[in-house]
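Have a look at the structure below before the remarks.
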């Protein structure tokens, strides 16, 4: 474990899962958007991409040795035109990426992979096996939330955590007003976090619109049949 470096996406997943059973504290849409944003932020921290005039552009095509990061970098490099960060978050948010990263955390011994079967359905959960990495992560983030200077990685991760609406659930013992103020202060310049928040908001808006349309159609059908 000593020579394994966790990415922001890995750290986000550790914060988002309950230790005892591996269930998520937030919905899959939020979590997948968060993982996508964390991959984008990781590329920015590694100076592989940068934001130019509000658009993500490749700055260095050198691979990092992580399939998900290198795949995203290759897509950004090969794309015909610079795109907004939220477009890349929307394009990258896929459950197979989340599952692949969970499998990686299980392979290196931090999580445990458990398969559950019920009739014809299969489900895999990822409870915690080694609590050390998450404890170290939480200690680092808690120090920042308590006023310690925020390093680049902690600031980027907290921006993603906040955008996914995970901060209150991940740190329930921190006063809500204090948490909001400190997170706002730390993450003000974190463009990947803002992109995640925009995509999540658009997903929720689409769901609400679809639900409203279904209700209206149902009511109209009821009235016409009556």
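The values are calculated or read from the model by the stated rules, or taken from the named source; none is laboratory data. Since the structure is predicted, the reported quantities are computational estimates derived from the model, not experimental observations. Reconstructed Cβ throughout: ideal geometry from the backbone, glycine too, with neighbour counts over all protein chains shown.
Things to note:
- Just one of the listed residues (69, 64) is assigned to a helix (DSSP H, G or I) and modelled with pLDDT of 95 or more, namely 69.
- Residue within the range 29-44 that is surrounded by fewer than 16 Cβ atoms within 10 Å (Cβ to Cβ) and in contact (Cβ under 8 Å) with a residue 24 or more places away in the chain present: no
- For the range 45-68, a residue qualifies if it is within 24 Å of residue 203 (Cα to Cα) and touching a residue at least 40 places away in the same chain (Cβ under 8 Å), and the qualifying residues are 51, 68.
- Matching entry among 147, 80 (being over 16 Å from residue 11 (Cβ atoms) and free of Cβ contacts under 8 Å to residues at least 24 places away in the same chain): 80
- Of residues in the range 105-129 being modelled with pLDDT under 95, touching a strand residue (DSSP E or B) at 6+ places or on another chain (Cβ under 7 Å) and outside any loop (DSSP other than H, G, I, E, B), the one surrounded by the most Cβ atoms within 10 Å (Cβ to Cβ): 125
- Residue in the range 94-104 that is over 17 Å from the mean Cα position of the chain (by Cα) and surrounded by fewer than 15 Cβ atoms within 10 Å (Cβ to Cβ) present: no
- Filtered residues of the range 72-96 (kept if touching a helix residue (DSSP H, G or I) at 6+ places or on another chain (Cβ under 9 Å), within 13 Å of residue 40 (Cα to Cα) and assigned to a helix (DSSP H, G or I)): 72, 73, 75, 76, 85, 86, 87, 88, 89, 90, 91, 92
- Any chance residue 13 is in contact (Cβ under 8 Å) with a residue 12 or more places away in the chain, within 21 Å of residue 132 (Cβ to Cβ), part of a helix (DSSP H, G or I) and under 16 Å from the mean Cα position of the chain (by Cα): yes
- Cross-chain or 6+ apart pairs with Cβ under 6 Å, the range 106-122 first and over 30 Å from residue 5 (Cβ atoms), then part of a strand (DSSP E or B): 116/123
- Residue satisfying all of: in the range 74-93; more than 17 Å from the chain's Cα centre (by Cα) and surrounded by 15 or more Cβ atoms within 10 Å (Cβ to Cβ); modelled with the highest pLDDT among these: 76
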